[in-house]
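We did not get these values from a lab; they are worked out from the coordinates using the rules stated. Note that the structure is a prediction, hence the values are computed from the model and not measured. Glycine gets a Cβ as well: all are built from the backbone with ideal geometry, and neighbour counts include every protein chain shown.
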Amino acid sequence: MKIRDIMRRPFTILDTDTLGTAERAMARWQIRHLPVVSGGRILGMLSQRDILAARAHADPDDDWWTIRVHDAMTQPVQTCGPDDSLTEVAGRLAASKIGALPVVEVGQVIGIVTVTDVLEGEVRAAMGPSAAARTIASDVMTPLPQTVTPESSLVDAVARMIGHRIRHLRSSTARAPSSGCCRSEMSGRGSAIRSRSPEASTTASVSCASRT
């Protein structure tokens, strides 16, 4: 899964705006991070934590909400791309101890992804179709299987199974493949030949007594 699959619409703010404007925007859109832009380019990232830090360090006689966003934002800003993997971005968020990354493509902010988005994406991926469900027969089948013909002796068939450490042999003719032969068919039942149809009378599965 890629970041483009989970990123959300970005709400941005200008670096010349005030912290009061930023706080009202966060409350209105119910978000905690705002990419800071100027002229369409990203300059930094403003979070609720940045606003609280600015308020804590502001002079008691000053109005904190008039502080410019540029003076409180985090920079340089870390970004990610739309084709980055969830695992890669999760590692960067954890290592940097930040809550969100703006998604940038060709210098433009096209989205934002938070820790919550990444966790939800990983849960969706884990609950999706399992690898087994996506596996096809060719992924697990035995290539170039050992074969015998209906005229092969049981001794030769058993020798092939032992030599190749297998339990099944494909029985076929020069014209077309037919059925199979396995060790269980050879244990304790004597010899038998089963024809599938008049059209495939030359093909059969065989079984006989065997010590293996």
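I'd like the full set of residues that are farther than 20 Å from Leu14 by Cβ and among the polar types (S, T, N, Q), limited to the range 79-107.
Ser85, Thr87, Ser96
Within the range 9-35, can you find the residues that are within 26 Å of Ser85 (Cβ to Cβ) and surrounded by 14 or more Cβ atoms within 10 Å (Cβ to Cβ)?
Pro10, Phe11, Thr12, Ile31, Arg32, His33, Leu34, Pro35
Which of the residues belonging to the range 47-63 are touching a Phe, Trp or Tyr at 6+ places or on another chain (Cβ under 7 Å) and buried (at least 16 other Cβ atoms within 10 Å of the Cβ)?
Across the range 47-63, the qualifying residues are Ala54, Ala58.
Which residue out of Thr87, Thr79, Thr116, Thr66 is buried (at least 16 other Cβ atoms within 10 Å of the Cβ) and not hydrophobic (A, V, I, L, M, F, W, C)?
The conditions single out Thr79.
Each row is one residue, and each column tells you yes or no for (1) of a type in the set (Asp, Glu); (2) part of a loop (DSSP other than H, G, I, E, B); (3) touching a strand residue (DSSP E or B) at 6+ places or on another chain (Cβ under 8 Å).
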{"position": "Ile42", "(1), (2), (3)": "no, no, yes"}
{"position": "Leu52", "(1), (2), (3)": "no, no, no"}
{"position": "Arg55", "(1), (2), (3)": "no, no, no"}
{"position": "Asp59", "(1), (2), (3)": "yes, yes, no"}
{"position": "Gln78", "(1), (2), (3)": "no, yes, yes"}
{"position": "Asp83", "(1), (2), (3)": "yes, yes, yes"}
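Can you name the number of the only condition in (1) surrounded by 16 or more Cβ atoms within 10 Å (Cβ to Cβ); (2) within 31 Å of the chain's Cα centre (by Cα) that Glu105 fails?
The one condition Glu105 does not meet is (1).
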